[in-house]
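Here's the structure we're looking at; comments come further down.
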Amino acid sequence: MSAKPPAPDVLISEVGPRDGLQSVKATMSTAHKFAWIDALHAAGLREIEVCSFVPARLLPQMADAADVVRHALQKPGWTVMALAPNLRGAQAAIEAGVHKVTLPVSASEAHSLANVRKTRAEMVDEVRAVVALRQQLAPNTLVEVGVSTAFGCTLQGAVPEDEVVRLAADLAACGVDEIGLSDTTGMANPAQVRRLFQRVRAEIGERTGAAHMHNTRGLGLANCLAAFDVGVRTFDSSLGGLGGCPYAPGASGNVVTEDLVFMFEAMGVRTGVNLERLIAARESLRAGLPGEPIYGMTPEAGLPHGWSQHA
């Protein structure tokens, strides 16, 4: 009987089917979404944000959200999550059967109003209501908050770190399971990432969640490594670097999953993701979004001579 492979050292949370697809003008067909999700699962990814539950008139790319969740849930051994901007969306996500609901709460008041048309305080109340609904409908469903614009905002400029830490504490008091920090606008630098994650962990402890970094100014991987250095073990990324935020002008490009996995594996940090299969999954993405630019230094350069991976 073969030995069970060791548990990964980090969790790579793939956000392309949500963050990526809602950021491009084209709409990927449901069948192509299914094929892409299957390829991501085959590569060994074990957490995936498959969709967002928002009105189809606002985001037609997500009109098939419930069908996509249903398909993803057929794959064993991974966490299926969906983004919900409010209580109504969270209820739809929970009823669809997701394992985890993630809510965006902006540290920037200006971004909050543009993104969800609510103040930060109103969003904290919304999160509290979602936690109560979770307890009522599906106590085993996880509730995660991504604190967006945690490192700066293109609309208001600097976001005081004290406000980010205070917001994280307020969200923890609501009873959420994880609180991550998002560089929505691609303004973060490694020193800032280390400092803010350390401050948040000192405030809320093990509820400190994922690092969601963008590569807008070329610092995505450096910022992920900085977060890893101070104890972060979950990292959001998108196959081919697809995605951005429509309410963060000039900000685009999630960290490329292929490059993130290569960095960690080259360092001897296990991701559980097979890099060759991951690169192959780009074909499913291309088939579903022909002509859409996708990125990644590792797929372009190829794997180093003699590369071997213990995934």
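Can you tell me which residue is nearest to the chain's Cα centre (by Cα) among those in segment 221-244 that are modelled with pLDDT of 95 or more and closer than 23 Å to N115 by Cα?
This residue is D236.
Name the single residue that is farthest from the chain's Cα centre (by Cα) among those in segment 67-91 being among the aliphatic types (A, V, I, L, M) and surrounded by fewer than 18 Cβ atoms within 10 Å (Cβ to Cβ).
L87
Scan L167, L142, L137 and give me the residue that is surrounded by 23 or more Cβ atoms within 10 Å (Cβ to Cβ) and modelled with pLDDT of 95 or more.
The conditions single out L167.
Looking only at segment 171-188, which residues are crowded, with 16+ Cβ neighbours inside 10 Å and either polar (S, T, N, Q) or not in a strand (DSSP E or B) (or both)?
L171, A172, C174, V176, D177, S182, D183, T184, T185, G186, M187, A188
Among the charged types (D, E, K, R) and touching a residue at least 60 places away in the same chain (Cβ under 8 Å): is that true of R195 in this structure?
So R195 does not fit the description; no.
Name the residue, out of L260, L275, that is modelled with pLDDT of 95 or more, out of contact with any strand residue (DSSP E or B) (no Cβ under 9 Å at 6 or more places or on another chain) and either closer than 30 Å to S106 by Cβ or not β-branched (V, I, T) (or both).
Selected residue: L275, the only one of L260, L275 that is modelled with pLDDT of 95 or more, out of contact with any strand residue (DSSP E or B) (no Cβ under 9 Å at 6 or more places or on another chain) and either closer than 30 Å to S106 by Cβ or not β-branched (V, I, T) (or both).
Among the residues of segment 145-164 satisfying the criterion of being among the β-branched types (V, I, T) and within 21 Å of F197 (Cβ to Cβ), which is surrounded by the most Cβ atoms within 10 Å (Cβ to Cβ)?
Here the answer is T149.
Would you point out which residue out of A266, A287, A311, A281 is modelled with pLDDT of 95 or more and either farther than 18 Å from G16 by Cβ or touching an Asp or Glu at 6+ places or on another chain (Cβ under 6 Å) (or both)?
Selected residue: A266, the only one of A266, A287, A311, A281 that is modelled with pLDDT of 95 or more and either farther than 18 Å from G16 by Cβ or touching an Asp or Glu at 6+ places or on another chain (Cβ under 6 Å) (or both).
Do we find a residue being modelled with pLDDT under 95, within 18 Å of the chain's Cα centre (by Cα) and either surrounded by fewer than 16 Cβ atoms within 10 Å (Cβ to Cβ) or not aromatic (F, W, Y) (or both) anywhere in segment 33-53?
Looking through segment 33-53, none of the residues is modelled with pLDDT under 95, within 18 Å of the chain's Cα centre (by Cα) and either surrounded by fewer than 16 Cβ atoms within 10 Å (Cβ to Cβ) or not aromatic (F, W, Y) (or both).
Go through segment 12-64 and give me each residue that's of a type outside the set (A, V, I, L, M), assigned to a loop (DSSP other than H, G, I, E, B) and out of contact with any Gly (no Cβ under 8 Å at 6 or more places or on another chain).
K25, T27, P55, R57, D64, listed by residue number.
Among the residues of segment 232-245, are any touching a helix residue (DSSP H, G or I) at 6+ places or on another chain (Cβ under 9 Å), in a loop (DSSP other than H, G, I, E, B) and without any contact (Cβ under 8 Å) to a residue 24 or more places away in the chain?
no
Can you pull out every residue in segment 276-294 that is touching a helix residue (DSSP H, G or I) at 6+ places or on another chain (Cβ under 8 Å) and without any contact (Cβ under 8 Å) to a residue 60 or more places away in the chain?
I279, R282, I294
The values are calculated or read from the model by the stated rules, or taken from the named source; none is laboratory data. Quick caveat, the model's predicted, so the values are computed rather than measured. Neighbour counts run over all protein chains shown; Cβ positions are idealised from the backbone, glycine included.
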